[in-house]
1. Taking residue 113 as the residue in question, decide whether it is outside any strand (DSSP E or B), modelled with pLDDT of 95 or more and under 18 Å from the mean Cα position of the chain (by Cα).
2. Among (1) modelled with pLDDT of 95 or more; (2) open to solvent by 70 Å² or more (accessible area, probe 1.4 Å); (3) outside any helix (DSSP H, G or I), where does residue 137 come up short?
3. Kindly indicate whether residue 127 is open to solvent by 30 Å² or more (accessible area, probe 1.4 Å), over 29 Å from residue 18 (Cβ atoms) and either modelled with pLDDT of 95 or more or not aliphatic (A, V, I, L, M) (or both).
4. If I go through region 152-171 residue by residue, how many of them are more than 18 Å from residue 227 (Cβ to Cβ), surrounded by 11 or more Cβ atoms within 10 Å (Cβ to Cβ) and not charged (D, E, K, R)?
5. Please work out which one of (1) open to solvent by 30 Å² or more (accessible area, probe 1.4 Å); (2) at positive phi; (3) in contact with a Ser or Thr (Cβ under 8 Å, 6 or more places away or on another chain) is the condition residue 121 fails and give its number.
6. Considering only residues of region 201-239 that are assigned to a loop (DSSP other than H, G, I, E, B) and charged (D, E, K, R), which is most open to solvent (accessible area, probe 1.4 Å)?
7. Is there any pair with a first residue in region 65-87 that is within 15 Å of residue 122 (Cβ to Cβ) and a second that is open to solvent by 90 Å² or more (accessible area, probe 1.4 Å) whose Cβ atoms are under 9 Å apart and which are 6 or more apart or on different chains, and what are they?
Amino acid sequence: MAVAAPTFTGFRPEAIQFLVDLTENNDRAWFQPRNGEYETLLKEPLEALCVALGERFAARGIPMRADPAKSPFRIYRDVRFAKDKSPYKTNIGASFPWAGEDAGEIDGRSHTANVHSSGGYFHLSPGEIYVGGGYWHPEKPWIDSFRQRLVADPSEFHALTDSPDFQAVFGGLSRDGHVLQRVPSGFAADHPEAEILKLKDVIFGRRLSDVDAQSADLPDTIADTFAIGTPLLRYLAAI
């Protein structure tokens, strides 16, 4: 008999506190005896959130995929080439790749490939909870194509990013740490689209509150957010 997926009821306040404590005790000796708490407070609710989002995306015709087995990021850090050997992340997150109008489009794609493509993201850490999307850390051929499409028809792009709904929710595109110092080669330094051309990532997002994260309505809040971002995600996925 199939077991029903747990219903998302919100992240408990203790979930945030667990991450605070993990930040102060980031080692296996502290974490391993508390692995059950991690699963109860964070891992299982995040999986339930992904189930709920999959239902919301399907109901609203949002062509993104939320999979409780594939969307969540692991808590374990890859420390092979890192100076910081802390074994655990001090946040949880999940990615929601663009599935296209054909839901089979992303089958066989790796988790890494899904992250570095058009899609959405949810992040929860102490003092920083947000949801966003776009194209993060694209390869050079993609960003080159994006810039060419932008300059060929700027109005097409700005109709998406300057719309009242997009501006009200996201306030425009994110530029925090994702911008070249100069306009890329091949474009005039005073190009009308200079600020967009300098973007290294094409991403957007909105902050959420602890109250949002603790609410059973979080799936609706996230789905509402992605519904507004869907036209831009569709534009980016077509490049």
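1. So residue 113 does not fit the description; no.
2. (1)
3. no
4. 3
5. Going through the list (1) open to solvent by 30 Å² or more (accessible area, probe 1.4 Å); (2) at positive phi; (3) in contact with a Ser or Thr (Cβ under 8 Å, 6 or more places away or on another chain), residue 121 breaks only (2).
6. The selected residue is 217.
7. These pairs meet every condition: 66/55.
The values are calculated or read from the model by the stated rules, or taken from the named source; none is laboratory data. These numbers come from a predicted model, not from an experiment. Cβ coordinates were reconstructed from backbone atoms using ideal geometry, including for glycine residues, and neighbour counts include every protein chain displayed. We work out accessible area using only protein heavy atoms, side chains counted, and drop any ligands, DNA or RNA first. Shrake-Rupley method; radii C 1.70, N 1.55, O 1.52, S 1.80 Å.
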